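Contents: one structure, followed by commentary.
The values are calculated or read from the model by the stated rules, or taken from the named source; none is laboratory data. Computed from a prediction, not measured in an experiment: that's the story for all the values here. We place every Cβ from the backbone using ideal geometry, glycine too, and count neighbours over all the protein chains shown.
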Amino acid sequence: MAIASAAPLLAMNGALKMATNSQQYLEGTIKVQNNSIPKPEQLIVISSFRGAEGKDGGRGYVQLNHRYHNATVKLNQFGLDWTTTTCVPIHNCNGALSSTRNVKISAKAGALASNGDIEPLRRCIVLDIEGTTTPISFVTDVLFPYARDNVGRHLDATYDSAETQEDIKLLRAQVQEDLENGVAGAVPIPSNDAGKEMVIAALVTNVEAMIKADRKITALKELQGHIWQTGFKNNELEGVVFDDVPEALERWATSGIKVYIYSSGSRLAQRLLFGYTNYGDLRKYLCGFFDTTVGNKKETKSYHEITASLGVDHPSEILFVTDVYQEAIAAKPAGLEVIISVRPGNGPLPDNHGFRTVKSFSEI
């Protein structure tokens, strides 16, 4: 590591200081890897940004005492990008200063993996829900039946609302397309002149067929989200996540990594599930939600859209975690890093699928 290529560095009087936004003491070590540079016992590292709460009039410093050149440094613990000439505070998705990293993370930097390999630092993690954060059984045995059993009641109670009328408009368009394509279970929806009861009866028949076929279509997912909203708010439903999920979400968020959800369920349904979980409201760790309006999860163009939305310099700065092999195959050509989640109840994967797998988020 050539000192000249780092953020501003000065060798002085046996102290290592790094500008930060707090006065807490950090523990770390540093290694000078260029033998042509004199090896002082200690260095002073000064960054130009101002801390919010420093006792020195807004500029905070942290002093690290290190001795001798054979110490090692984990640069990612400091969050330093040695490839740039400036270091700035890194903020999480809510704009709050990260509690464990205080400077810009570079995609060129690396993190030490548990097996000793160097992995690229990630700016964003995009998570699937079903079979990744949440058991498949919760979706198939709890959420889907609730929507199926309550679709008629929901439509009857909210029929005249603008929200439900928009849902009906989407369903009409989808059913018309299904009828033209000969989709099994599709039945014509009469005009409003036929009366509310006739319209609702036809809608219920179509929605039940869509749920049975587990169709990933926006018209169905929007209506399901509105039905589930009533269930969650009335304490008839509670979201379920795997035990390792809350800790991982908190760990990633405090490390300055932005976490997003990409699911076939509507964005409303996603917010409800994570807002009413068996571990409380987890939305504070999430920066955004993607659904089928961005595209089908098994199409590569959807992941190009997500990459453009997240504003990363390179798609490899995004890690996508899913349980579905076809989704992994779609995300890979878009340049995303991909990990397949292996959870109880998930479907089998092809032999020699070529993707890294994890059984818990603690492995990421």
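A few points about this structure:
- Members of segment 326-356 found to be out of contact with any Ser or Thr (no Cβ under 7 Å at 6 or more places or on another chain), over 23 Å from K301 (Cα atoms) and exposed (fewer than 15 other Cβ atoms within 10 Å of the Cβ), listed by number: P344, G347, P348, P350, D351, N352
- Residues that are small (G, A, S) and in contact with a strand residue (DSSP E or B) (Cβ under 9 Å, 6 or more places away or on another chain), drawn from segment 296-333: S302, S309, S316, A328, A331
- Among the candidates V187, V204, V240, V183, the residue that is of a type in the set (A, V, I, L, M) and under 23 Å from R267 (Cβ atoms) is uniquely V240.
- Which listed residue, of K297, K359, is at pLDDT 95 or above, loosely packed, with under 15 Cβ neighbours inside 10 Å and not small (G, A, S): K359
- Cβ pairs under 8 Å, 6+ apart, first in segment 315-335 and free of Cβ contacts under 8 Å to residues at least 40 places away in the same chain and at negative phi, second small (G, A, S) and surrounded by fewer than 22 Cβ atoms within 10 Å (Cβ to Cβ): P315/A334; P315/G335; A330/S302
- D214 vs. criteria in a loop (DSSP other than H, G, I, E, B) and either within 17 Å of V142 (Cα to Cα) or of a type in the set (D, E, K, R) (or both): yes
- When D214, D193 are checked against the criterion of being at positive phi and at pLDDT below 95, a single residue qualifies: D214.
- Residues considered: V175, V245, V207. Of these, the only one that is among the β-branched types (V, I, T), buried (at least 19 other Cβ atoms within 10 Å of the Cβ) and assigned by TED's automatic domain parsing to the domain that holds R271 is V245.
- Every condition in (1) under 25 Å from R356 (Cα atoms); (2) touching a helix residue (DSSP H, G or I) at 6+ places or on another chain (Cβ under 8 Å); (3) aliphatic (A, V, I, L, M) holds for A308 except the one numbered (2).
- When residues of segment 261-290 are limited to those that are part of a loop (DSSP other than H, G, I, E, B) and modelled with pLDDT of 95 or more, the one surrounded by the most Cβ atoms within 10 Å (Cβ to Cβ): S263
- Residue in segment 300-325 that is surrounded by the fewest Cβ atoms within 10 Å (Cβ to Cβ), counting only those that are of a type in the set (D, E) and assigned to a helix (DSSP H, G or I): E305
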